[in-house]
Amino acid sequence: MNFRDLGLGDDVLNAVEDAGYITPTPIQAQAIPTVLMGRDILGCAQTGTGKTAGFTLPMIDILASGRAKARMPRSLILEPTRELAAQVADNFDTYGKYHKLTKVLLIGGTSMNEQMKIIERGPDVLIATPGRLLDLFERGRLLLNDVKTLVIDEADRMLDMGFIPDVEKIVSLVSPMRQTLFFSATMAPEIRRLADKFLMNPKEITVAAVAPSDETITQGLIMVPHGDGRRPGGGQKEKRAALRKLIAREDVKDAIIFCNRKRDIGTLYRSMKKHGYSVGQLHGDMDQSSRTEMLKNFKDKKFTYMICSDVAARGLDIPALSHVFNFDVPTHAEDYIHRIGRTGRAGIEGHAYTIAVAEDGKYLDAITKLIKKDIPSVNLDSDKSASPAP
């Protein structure tokens, strides 16, 4: 199957071919014809499965006919983070190059002057984070009753970040005569409840997370023996020492270091700076210009290590990244695949190491079950050989 079998128009197909794509991913092959039919979708898929193009391509086709009214967008895409919203906007630029659609990226940390000019004229596509969208709506600068296509993306992240009340309010402002596309990496009971509330007879599409490649990614697990079981995140000092030992034995060209909690990002950043490492940090409290500059500096190799959380890292794409370090074991098994999939891309060798304490056992068990194998254990006091974790 190729994109020409999915019912897309010639202008969109030409843009897809210009971007170098011929064969759709599994979620694209299922989602695109369904969106073109006007049917609601309940999609369970990780970032990295091609999900974004799965809804942007047919939306461009649908939006090619018709015109927006002043302050009334024709379609709305909700994203949990600025980076993901910007990534979706890039998709519209790439695949909508042969159309004359207008889009607005409505995110915090940026000036609204240019955005407001487009909104006043009437955008075809509004891509937004929930807080900024409601702020503008409550000022009376935006109307949502003409939205024909609503996309709620990364719903599980919306839940983790406390955005669900905002999302529910936004949905109540949109016309019930709409098409809704709802995507989440996981389907917890709360997410399923929201889907049942928002969707009408949806087509359910589930795409399994892509398991990490044994051929391109070397994985390793370092158990730190002195975790404090009395509090979450115990063993931080020991984990920092283990990370330094691990870095010393690796040939690190550039690396992302994942923490589960925002406050641990700052603590680890200060510790690594103190020990002389070339390091940056990315977290939700930074304004958009600072985040953009930090990411650009990392891509330009002005520093070697980027410390961030899963939320801050959504939408990041660093070509040829040599290493990923999980300073904390992810609490969602799917995030393990998402994290380590940042390295070992395009056939280039990558390395992914996870530092854990005994209290992380249930999370490690979930990861093992998902990837269908143990993560090889690494003894930092011996040579670099790894054996299967017990």
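The values are calculated or read from the model by the stated rules, or taken from the named source; none is laboratory data. Predicted model only: the values in this text are computed from it and were never measured. Note that each Cβ is placed from the backbone with ideal geometry, even for glycine, and that neighbours are counted across all protein chains shown. Quick note on the areas: whole protein, heavy atoms, side chains included, nothing else; ligands and nucleic acids left out. Shrake-Rupley method; radii C 1.70, N 1.55, O 1.52, S 1.80 Å.
Within the straight-line cut-off of under 22 Å between alpha carbons, the lysines reachable from LYS237 are LYS245, LYS262, LYS273, LYS274, LYS362, sequence neighbours fewer than 8 places apart in one chain being disregarded.
Against the longest principal axis of the chain, how steep is helix 51-63, in degrees 0 to 90 to the nearest 10, with axes from Cα atoms? Once rounded, the angle reads 10 degrees.
The tail of the calculated P(r) for the stretch 68-198 beyond 26 Å holds 16 percent of all Cα-Cα pairs.
Sorted largest first, the principal axis extents computed over the alpha-carbon atoms of the chain equal 66, 45, 40 Å. Only Cα pairs under 8 Å and 6+ residues apart enter the sum, and on that basis the relative contact order of the stretch 81-132 stands at 45 percent.
Rolling a 1.4 Å probe over the protein heavy atoms of the stretch 117-158, with every protein chain left in place, gives an accessible area that is 49 percent carbon and sulfur. Backbone amide hydrogens, once placed in the peptide plane, bring ALA352 within less than 5 Å of THR218, GLN219, GLY220, VAL324, excluding anything fewer than 5 places away on its chain. Only alpha carbons enter this Debye calculation for the stretch 147-198, each as an equal point scatterer, and the log10 of I(q)/I(0) it gives at q = 0.17, 0.18, 0.23, 0.29 Å⁻¹ is -0.47, -0.53, -0.86, -1.29.
Translational diffusion of the stretch 99-148 was estimated from the Stokes-Einstein equation, with Rh taken as the Kirkwood radius over Cα pairs; at 4 °C and 1.567 mPa s the coefficient is 116 µm²/s. Computed from the Kirkwood radius of its Cα pairs, the Stokes-Einstein diffusion coefficient for the stretch 1-74 at 10 °C and 1.306 mPa s stands at 122 µm²/s. Every Cα-Cα pair of the stretch 73-116 was included, and the share exceeding 11 Å stands at 68 percent. The equivalent ellipsoid that matches the C-alpha gyration tensor of the stretch 127-282 spans semi-axes of 41, 20, 16 angstrom, in descending order. Output the Kirkwood hydrodynamic radius of the stretch 58-136, Cα pairs only, in Å rounded to one decimal. Radius from the Kirkwood sum: 12.6 Å. Ligands, DNA and RNA aside, MET161 has an accessible area near 70 Å² when probed at 1.4 Å. Taking a point 7 Å out from the Cα of ASP90 in the direction of its Cβ, the residues of the stretch 266-292 whose backbone N falls within less than 20 Å of it are 280-284, 286-292. Residues whose amide H comes within less than 5 Å of that of LEU106, counting only those at least five positions distant or on another chain, are ILE127, ALA128, THR129 (H built at 1.01 Å from N in the peptide plane). Here is the P(r) of the stretch 1-136: all C-alpha pair distances, binned every 10 Å from 0, give 12, 43, 35, 11, 0 in whole percents. Rolling a 1.4 Å probe across the protein heavy atoms gives the chain an accessible surface of 45 Å² per residue. Label sites at ALA248 and MET286, each approximated as a point 7 angstrom past Cα along Cα to Cβ, lie 2.8 nm apart.
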